[in-house]
1. Quick check: is even one residue across region 362-379 more than 16 Å from ligand 1 (Cβ to nearest atom), modelled with pLDDT under 95 and part of a strand (DSSP E or B)?
2. Take Glu152 and decide whether it is open to solvent by 70 Å² or more (accessible area, probe 1.4 Å) and either more than 16 Å from His184 (Cα to Cα) or modelled with pLDDT under 95 (or both).
3. Among the residues of region 563-604, which ones are small (Gly, Ala, Ser) and buried (at least 17 other Cβ atoms within 10 Å of the Cβ)?
4. Only one of Thr75, Thr172 is within 14 Å of ligand 1 (Cβ to nearest atom) and open to solvent by less than 10 Å² (accessible area, probe 1.4 Å). Can you tell me which?
5. Quick check on this structure: which one of Glu137, Glu122 is out of contact with any Asp or Glu (no Cβ under 6 Å at 6 or more places or on another chain), open to solvent by 20 Å² or more (accessible area, probe 1.4 Å) and either assigned to a loop (DSSP other than H, G, I, E, B) or more than 16 Å from ligand 1 (Cβ to nearest atom) (or both)?
6. Do you know which residues across region 460-492 are open to solvent by 60 Å² or more (accessible area, probe 1.4 Å), touching a helix residue (DSSP H, G or I) at 6+ places or on another chain (Cβ under 8 Å) and either modelled with pLDDT of 90 or more or within 15 Å of ligand 2 (Cβ to nearest atom) (or both)?
7. Find all pairs meeting these conditions: Cβ atoms under 6 angstrom apart; at least six residues apart or on different chains; first residue within region 372-398 and free of Cβ contacts under 8 Å to residues at least 60 places away in the same chain; second residue assigned to a helix (DSSP H, G or I) and open to solvent by less than 30 Å² (accessible area, probe 1.4 Å).
8. Would you say Ile495 is at pLDDT 95 or above, open to solvent by 20 Å² or more (accessible area, probe 1.4 Å), in contact with a strand residue (DSSP E or B) (Cβ under 7 Å, 6 or more places away or on another chain) and aliphatic (A, V, I, L, M)?
Amino acid sequence: MIKITFPDGNTREYAEQTSAIEIAKNISPGLAKEVLAVEIGGKLYDLSYKFSKDSKIKFLKFSDDKGKEVYWHSTSHIMAQAVVRIFPGTKVAIGPAIEQGFYYDFDHEPFTDEDLLKIESEVNKIIKENQRFERKEISRDEALEFFRSRNEIYKVELIEALPEGETISVYTNGEFTDLCRGPHILGSGTIKKFKILSSSGAYWRGDSKNAMLQRIYGISFPSSEELEMFLKIREEAEKRDHRKLGRELDLFSFHQEAPGIPFYHHNGVIVKQLLIDYWRYEHNIDKYQEIQTPQLMTKALWETSGHWMNYKDNMFVTEMEGVENAIKPMNCPGGMLWYKSKLHSYRELPMRVSELGHVHRKEFSGALTGLFRVIAFTQDDAHIFMREDQIKDEILGVIRLTHRIYKTFGLDYSLALSTRGEKYIGALENWEIATAGLKAALDEYGQEYIINEGDAAFYGPKIDIYVKNALGKAWQCGTVQLDMNLPERFDLTYIDENSDKKRVIMIHRALYGSLERFLGIILEHFGGFFPLWLAPIQVSVMPVSDKYNGFANEVVRKLTAAGFRVEFDERSEKIGYKIREAEGIKKIPYMLVIGEKEQDTGKFSVRQHKKGNIGEFGLDEFITRITEEKEKRTLPEGYKLEL
Ligand SMILES: [Zn+2]
Ligand SMILES: [Zn+2]
């Protein structure tokens, strides 16, 4: 008999050679229906895997990220099979699962809409055939011979790149065999709903020197409700694409002459500055000091910090009077020099030192995506220098500050603690103290968190903070990182109460992460309908004809004097057109229409975006209302997608 241990610690005994699916059936028929693969010691296996020794296992379902991956990747095999059935002789390349679904690349002319429909219905046929996925391990030579005989040149290239002696596996379902590490679902019938999402050209291995292949993106789900929900969110996400909204709100643009570096337009500068003002307001409450360190610093600094050895390929390097310099890819080393600019006593600690540093990092041009992946960005960094006994309170302070900031934007968040991995520097004892400090802070904070065992950087444990936007998409923005490396490298000390020199404890933390990326995230989160305090234009004043420009102008002047950003739309367009543009494109929170009645009574009807007409207001009354809304940083209504 062998003992199987489940994630909750429960164990059951089975005869040797019992398969994973038999175990799932033994537990419950419901589980057997849902389970897709099994995780054993961190590795994934097919459900047909037979146990020969005691094992700790976890069954993976569609609700697990790894389960989804198996489900989607299995569907990609089926889609490739469908393509080869319809277009015999098509060479297939690779078909991985991605964040949302999967793709498969084919050596084929561009697929037409009609082709895609045919492929979709063929996939549905294969699903009905409920073909089993069979795994077979073969030698490198056998694999080469097999794929050569079928003229699958891309597979041959992949196998040739594998090291000698590597176990090669292939998976066969029906008449289709693919080179694959696995694992796969038991049979094609497990797939319930499938949809092709798009198709486009893609170079083999992403290299423009290689052949242009055709990539088909698809997705699959265990139920039609899940597919419908996905499509609804996807449609909304397309409407909210931050690059599109950035144009509509006239916030920023990108130009070929500066790949991956945004140009901020007037409205973009306003929003960025407001994000910074608000950030300073909250940091001031928590007694942070703010510094600015240079953009350009010599090689010597980057050698001390270790970046020259480990990160040079990502840095922009330049030369002056025979000395190499680098543009900073992060603010930390500058911050370390600042700390060393004088002696520090234990009484000064903790010192919370922030810096909005503009950093540059090299990125592959193919990876650049709007504001989400850029070459230059502003990091809202801070370094906290402290004593060992201050770790817990300082971490707790950072989490509470993060909470205030994220809640202001209506962003939910989750927390994860990463602990020491196999590669690490520093004494084990220090790691224990540091990790215990982080854990104590999280426990006292009281929100649930997950532990990512072994995921810490080599220089210290960390807490990652993930935000979830209004469409349910998660982003890692905040991070609180304990660092045992830089204080050593820079010899950062303080004088303790016995006049002894002590090594200072330091954390790095960022809350927005990158201001650019955060702007992209909240643009999509709000769908461009910013809260009043953050909207680049807060009120649009629209006279119905130029007869009322005088009165309208006075309204604009008074609103501006009250501290609001006001647009005076005096174009001789139809009022309906002006409203549609202000509301639908520029997404201005308030619109005031000024005509004869308004001029006579001094009262006007106010339109609020997403709400329409909210009634008649006198100017003072209106100013009181919007001042309160601005000061409270009220969140706009209706930005969360109704699901
Ligand atoms: Zn596969
Ligand atoms: Zn840092």
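1. Looking for residues that are more than 16 Å from ligand 1 (Cβ to nearest atom), modelled with pLDDT under 95 and part of a strand (DSSP E or B), one finds at least one in region 362-379, hence yes.
2. Criteria not met by Glu152.
3. Passing the criteria: Ala582, Gly595.
4. It is Thr75.
5. Going through Glu137, Glu122 in turn, just one is out of contact with any Asp or Glu (no Cβ under 6 Å at 6 or more places or on another chain), open to solvent by 20 Å² or more (accessible area, probe 1.4 Å) and either assigned to a loop (DSSP other than H, G, I, E, B) or more than 16 Å from ligand 1 (Cβ to nearest atom) (or both): Glu122.
6. The answer is Arg489, and nothing else.
7. From region 372-398, the pairs are Lys392/Gly437; Lys392/Ala441; Leu396/Ala441.
8. The answer is yes for Ile495.
The values are calculated or read from the model by the stated rules, or taken from the named source; none is laboratory data. In this text the structure is predicted, and so the values were computed from the model without any measurement. Note that we place each Cβ from the backbone using ideal geometry, even for glycine, and neighbour counts take in every protein chain shown. With ligands, DNA and RNA removed, areas are computed over all heavy atoms of the protein, side chains included. Shrake-Rupley method; radii C 1.70, N 1.55, O 1.52, S 1.80 Å.
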